Each structure stands twice: as structure tokens, then as C-alpha cells.
1. Of all residues in segment 271-307, which are β-branched (Val, Ile, Thr) and crowded, with 16+ Cβ neighbours inside 10 Å?
2. Considering every residue within segment 215-236, establish whether at least one is assigned to a loop (DSSP other than H, G, I, E, B), over 28 Å from Asp172 (Cα atoms) and modelled with pLDDT under 90.
3. Would you check which residues across segment 308-340 are within 44 Å of the chain's Cα centre (by Cα) and surrounded by fewer than 16 Cβ atoms within 10 Å (Cβ to Cβ) and list them?
4. So which residues in segment 100-143 are touching a Ser or Thr at 6+ places or on another chain (Cβ under 6 Å), at pLDDT 80 or above and under 19 Å from Asn71 (Cβ atoms), if there are any at all?
5. Cβ contacts < 8 Å: first residue touching a residue at least 24 places away in the same chain (Cβ under 8 Å), restricted to segment 305-332; second residue crowded, with 16+ Cβ neighbours inside 10 Å and basic (Lys, Arg), any location; separation 6+ or different chain. Result?
6. Give, as residue ranges, the helices (runs of 4 or more DSSP H) completely inside segment 276-376 that count at least 2 residues that are touching a Ser or Thr at 6+ places or on another chain (Cβ under 9 Å) and not assigned by TED's automatic domain parsing to the domain that holds Thr258.
7. Can you confirm whether segment 46-57 contains a residue that is in a helix (DSSP H, G or I) and touching a residue at least 40 places away in the same chain (Cβ under 8 Å)?
Amino acid sequence: MSKRQMVNSIEELCSSQEVLISTGSGGVGKTTTAAALGAVAATELGIKVLVLTVDPAKRLASALGLQQFGNVETRVPAEAFSQAGVSPRGQMWAAMLDTKQSWDDLIRQHAPDATTRDTILANPLYQNITGKFIQSHDYVAMERLYEIHTSGKYDLIVVDTPPTRNALDFLDAPDRMADFFSSKLLRWLIAPYRSKMVNFASKPFYMVADRILGTQFLQDIAEFFILFQTMYDGFVERAQAVTTLMGGPETSFVVVSTLEVAPSREADFFLDLLTERGYHVGALILNKVLPEYLREESGTKSAKVLCDDAAETAKAVSLAMESEDLVPRLEYMFREIGNSFLNYQVVARREAEQSAMLGEKAALTRSVPYFDEDIHSLEGLLRLGMKIWN
């Protein structure tokens, strides 16, 4: 399928793409939507689907009928689908990024030789640095996605990213990592350990650094990055490959939002950003949307009648109930119901305008109504997924 070919449903989007990246601000149902897409795709399309979460939230496991899951992909048991009342035609798998394990695997895979590999893994700064320095979590998440995609084990990978602003780090991580390993700061740090000749102008820098950080610390960090730079070419090559995957015809973004002010602004911002970068926005999913009947003109008329004629209606009802004492309370209740409907109608119409504006920036827009209860089971995920499927 051509990248710009229009799709008419989420079903078509899941059928035509190999990677769907779910993104949005925090608290809008991004993780739940990603899992719902994966569950319905496995059920309806008969394909092998992986839901990969790089968001640390672990609530997804219980909803999928799993005790836990981590870096290694875990299959959602058939019994979980049976309990939800369906028989999937395909398979659903889940994985959550384990940063340390992924970095260890990355080192083992790309170190030029066994000695370099073992020295890096044994370096006293390795665990702390790989856990904390410049987008290491985001970079290794992109590496993991690339690795899984190129393995060809899954027909569709649905990626649950961190909240929107953090998702920018997720997208930029490969290039930032490559830039870091060629940065002037890093060259300054390791220069004395590459050569005994230190520039006179730079001597004060090393003297201050040595006094503050200590000689052993500088030696450890220099050794670590010198060894890491032996994999520099591999990092750059993989960064380019990941960037190509993100913008390629096999990948689409699914932006998830509510129509509240702050989340919708985040969605608008990210939709523009994705378009500027040339990424394909396959769908906009709007959660917790007020129902269409609130915007109907007949509802407006009924609500106004309820408000204007509250006193007469209350008298008629109390007469039928043979209880005149209820008149004041009934009048108050009818007027409140009418006003409440009109207030919700204002919000619903604003939502419709906001939805139309945001929808112009995505190939497809789907809305999910308020659910009576929080989604905490596979049955709930499937119910949500089917609301947006066609």
C-alpha cells in the first residue's frame, strides 16, 4: 500500500501497516488504546500481533490476563480470550521494555569482539550510565522496536510510547545518541586517555575535572566511552535505519487524545510535528467523547420545555402520584435536568468543532464514548477496540 493511500477504517489501517505507534499526552487512554488495537487485530484479522510498551506503566498486564511481562515477548493466553467470549483467529503477544536487559543485549550484539563486550559490561559506571544518560531509555526502545521488526516474527507491532512531549525524545533518540558519541564534550573527556599529549589550553579543564570528580572516575568514564565508540558506526547505521522505519510505508502513527483543553492542544501540537517531519498519521482516536444525541435540535427543544414548564410538569406529576408535597422538589429536579442537558450540549458542540479541526490532520478519525467503568480486562479492551474498528 502506498503511504498516502487513504484508509477508511482502523481495520484497513491494521491490515496494511506493520508498525503502529500510539502516542498522546498522559491520562488520555493511550496505553489502553494500543492494547485494544492489538487485541482486536489478533481477533479479527487472524494475524500475529505484538503490543510493545515503552511507557513504564504496568497496568496493562492484568488487563491482558498476564501475571507480568517484560523484555521477552509473552503470549496472551487463549484462555483470556475465551473468558472474554471470543475465539481469536490470530495471536496476541505483549512486551514491556526492560532498559538494562535491552542495553546488555545491545552490547552483546554489537561489540566488535568478546573482550570489548566483557569490559563494557564489567565497567563500574556501565549500569548507572546506561540507565541515566541522554535518552538511554528512549534510544534502546527504538533499538528494540527495530530489532523486533526486522526479525519478521510479527505481522503487526503496536508501540505504546511515553506521553507526547517525552515521545519527542523517543523519536529523536537515535540521532541524539549518534550526536553524543561524536560530541566535543566527549572528545574532551577521553582525549587524555587516548593520548599523553594534552593541549595547553585544555589543561585547566582536566585539572578542575580531576579535582572535582577524581582520577578514577575520569578513567572509568573515559574507558567506558572509548570502548563504546568502537560501536559508533553501528549506532549511526542503526539510527538511520530506525529513522527510515519511522518514516517508511510500513509505519503509521495513531494519535490518542481526549477533547479536554490541555490534551487536545498536545494532540494538535503533535499532529503538526508529525506532519512536518513527514511521518504518516494513520488515525486520530478521541476518547471519552460525549454522545451525538446531545447535539440534536430535538433535545434542545425538549430541555428548554423541561426548564420553562418545570412548575406545571411538577404539579401534573405530583397530582398523578397523589402527593402535592413533591411539587417543589419535582420542579427543582425537572429544571436541573433541563439545564444540565443544555450545559452538556454546549460542551458536546464544542467537542464536535474541536474534533473536526483535529481530524483534518489525520487520515482517519474515530471517537470512543464514555464507558460506564474503567477498562481492566481483555473483554473491556475488545469492547473498546470494536467501537473504533470499522
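The values are calculated or read from the model by the stated rules, or taken from the named source; none is laboratory data. Keep in mind the model is a prediction, meaning the values are calculated, not measured. Virtual Cβ from ideal backbone geometry, glycine too; neighbours counted across all protein chains shown.
1. Within segment 271-307, Val281, Ile285, Val289 qualify.
2. So far as segment 215-236 goes, no, none of its residues is assigned to a loop (DSSP other than H, G, I, E, B), over 28 Å from Asp172 (Cα atoms) and modelled with pLDDT under 90.
3. If the condition is that a residue be within 44 Å of the chain's Cα centre (by Cα) and surrounded by fewer than 16 Cβ atoms within 10 Å (Cβ to Cβ), then Glu336, Ile337, Asn339, Ser340 are the ones that fit.
4. Answer for segment 100-143, where residues must be touching a Ser or Thr at 6+ places or on another chain (Cβ under 6 Å), at pLDDT 80 or above and under 19 Å from Asn71 (Cβ atoms): just Trp103.
5. That search, which allows pairs on different chains as well, returns Leu306/Arg335; Cys307/Arg335; Ala310/Arg335.
6. Correct list: 297-308, 327-359.
7. No; the residues of segment 46-57 include none that is in a helix (DSSP H, G or I) and touching a residue at least 40 places away in the same chain (Cβ under 8 Å).
Quick grid of which residues meet (1) assigned to a helix (DSSP H, G or I); (2) modelled with pLDDT under 95; (3) within 22 Å of Pro162 (Cβ to Cβ); (4) in contact with a Gly (Cβ under 9 Å, 6 or more places away or on another chain):
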| site | (1), (2), (3), (4) |
| --- | --- |
| Ser2 | no, yes, no, no |
| Val7 | no, yes, no, yes |
| Glu11 | yes, no, no, no |
| Leu20 | no, no, yes, yes |
| Gly27 | no, yes, yes, no |
| Thr33 | yes, yes, yes, yes |
| Leu37 | yes, no, yes, yes |
| Ala42 | yes, no, no, yes |
